[in-house]
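Take a look at the structure set out below.
The values are calculated or read from the model by the stated rules, or taken from the named source; none is laboratory data. Source: prediction; values computed, not measured. Positions of Cβ are generated from backbone atoms using ideal geometry, with glycine treated the same way; all protein chains shown enter the neighbour counts.
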Amino acid sequence: MYEDFHALDRWSKHPVRCLYQALIVAIATRHADAVDIKFLAGDRPVWIALPLTMWVQYESQTGHKVSDPLAVQVAGHYLKHAIESGLEGGREMYSLSLREALEHLNAVLRDHGEPSAEPITPWPTTPEI
């Protein structure tokens, strides 16, 4: 779904290929209460920061856990939305609020269901496009 996808840039009307590359707990890397998920959007890195409270809130509401593959789908869903709606303005990092993260989580589950529990193999640093 959202580990390798295309989005049509709202302003340029050019397609942008987005490839998942990494999932890093930001507590260790930048002392943030978030999980950072990296994509290549075209030829540049874009990080989507999901708040750790998303995991806690979702589990308390539903009794289900957010898996790493589901977190990647949530971040990819946000990135596609940002590119297609014109929100993606070339920044390297986007930090979602709890509300935004839960909205994209629910949209992924509504539209596609729970992703496979299998880990997603990230793309290498320089993918062949």
With respect to the numbered conditions (1) closer than 21 Å to Glu100 by Cα; (2) surrounded by 12 or more Cβ atoms within 10 Å (Cβ to Cβ), which one is the sole condition not fulfilled by Gly86?
(2)
Test result for Val72, in contact (Cβ under 8 Å) with a residue 60 or more places away in the chain and either under 21 Å from Gly113 (Cβ atoms) or under 12 Å from the mean Cα position of the chain (by Cα) (or both):
yes
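Matching residues to (1) within 17 Å of Leu87 (Cβ to Cβ); (2) touching a Lys or Arg at 6+ places or on another chain (Cβ under 8 Å); (3) surrounded by 12 or more Cβ atoms within 10 Å (Cβ to Cβ):
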position	(1), (2), (3)
Ala7	yes, yes, yes
Trp11	yes, no, no
His14	yes, no, no
Cys18	yes, yes, yes
Ala22	no, yes, yes
Ile37	yes, no, yes
Gly42	yes, yes, yes
Ser60	no, no, no
Lys65	no, no, no
Kindly indicate whether any position in segment 102-123 is modelled with pLDDT of 95 or more and assigned to a strand (DSSP E or B).
no
Entirely in segment 1-63, the strands (runs of 3 or more DSSP E) that have 2 or more residues that are without any contact (Cβ under 8 Å) to a residue 24 or more places away in the chain and of a type outside the set (Asp, Glu):
15-25
In segment 28-59, residues that are out of contact with any Leu (no Cβ under 8 Å at 6 or more places or on another chain) and either modelled with pLDDT of 95 or more or of a type outside the set (Ser, Thr, Tyr) (or both) total 13
